[in-house]
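Here the structure comes first, spelled out in structure tokens, and everything after it is commentary.
Rule-based calculations on the coordinates, nothing more; no lab input. Note that the structure is a prediction, hence the values are computed from the model and not measured. Backbone-built Cβ (ideal geometry, glycine too); neighbour counts: all protein chains shown.
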Amino acid sequence: MNGTKITGTIASLGAQTVTPGNAQKTVACSGKYMTGNVIVPAVSNLSAANIKKGVTVGGITGTFEGWVPTATDLYYNGVNSAEFTLGNSAQFENTRIKVGDSMEPIGGIIYFRKNYDVRSFNRINIQGALVSYAGTDGNVIFYNNGSKIATIVVTKRTSNTSVLSVDITQLTTFTSNARICFNNFADSSWISHIWFS
């Protein structure tokens with residue numbers, strides 16, 4: 001002041017890293033001279049798929065619907081652990097696979113893309129709503145390694161959810177060229193769960 005050096009009396013605050021949490025955190029810098037940056041690191045795995053559907057965290061709205069498959073689940077409410085691919089009229093629809101076709105009796109096909117050692121399992125199971133097409137019986141046909149292993153006839157089933165199960169005790173491997181075919185099912189037919197037991 002007036003040519004005289006005056007030492008400041010404002011406290012200083014150096015650089016800080018603030019770890020995000022589930023409560024607000026305050027960097028007490030009021031009345032202080034900041035000598036470094038305040039860093040708030042990114043939260044790892046903060047993505048829509050890891051946040052409950054409809055909940056917003058850090059500006060990201062979640063899409064996760066709570067379906068967590070077990071080790072025996074091949075497909076569970078939209079979680080495609082088996083990496084199935086689809087053929088004919090089959091389509092992935094959010095939490096299920098549409099397998100029917102109201103225009104054609106030959107419906108969807110679910111293709112396996114991995115080999116599975118099934119010696120510790122007795123059955124392959126599918127759960128969904130299968131509505132037969134045009135008043136006929138529907139057929140779910142299971143193929144493994146190029147051969148038909150089972151056909152399940154679904155007699156004019158309503159849209160109620162049910163489980164179909166096939167004995168696989170005679171198999172050692174479910175191969176990457178296995179498939180499940182759905183014939184004579186209406187457009188409203190779908191599968192939500194496929195698993196070994």
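If I build a Gaussian network model for the chain, linking alpha-carbon pairs within less than 10 angstrom, which residue out of 64, 92, 112 has the largest mean-square fluctuation? Greatest mean-square fluctuation among the candidates belongs to 64.
Of interest is the spacing of the C-alpha centroids, which for region 113-169 and region 1-52 amounts to 60 Å. Considering only 180, 106, 60, the Gaussian network model of the chain with Cα springs below 10 Å gives its largest mean-square fluctuation to 60. Each label point was placed 7 Å from the Cα along the Cα-to-Cβ direction; for residue 79 and residue 151 their separation is 3.5 nm. In units of the compact-protein estimate 2.2 N^0.38 Å, region 11-69 shows a Cα radius of gyration of 1.60. Between residue 49 and residue 91, the simple label model (points 7 Å from Cα in the Cβ direction) yields a spacing of 2.2 nm. Values of log10 I(q)/I(0) for region 38-197 across q = 0.20 Å⁻¹ run -1.23, by the Debye formula with one identical scatterer at each alpha carbon and no solvent. So in the chain, what percent of DSSP beta bridges are antiparallel if you round to the nearest 5? Percentage antiparallel, nearest 5: 85. Counting only Cα atoms, region 57-111 measures 47, 27, 13 Å along its principal axes, largest extent leading. Quick check on region 24-131: of the DSSP beta bridges with both residues there, what percent are antiparallel, nearest 5%? Of those bridges, close to 80 percent are antiparallel.
Considering only 119, 96, 179, the Gaussian network model of the chain with Cα springs below 10 Å gives its largest mean-square fluctuation to 119.
What trypsin sites (Lys or Arg not before Pro) does region 1-41 have in DSSP loop regions with at most 14 other beta carbons within 10 Å? Qualifying residues, ordered by number: 5, 25.
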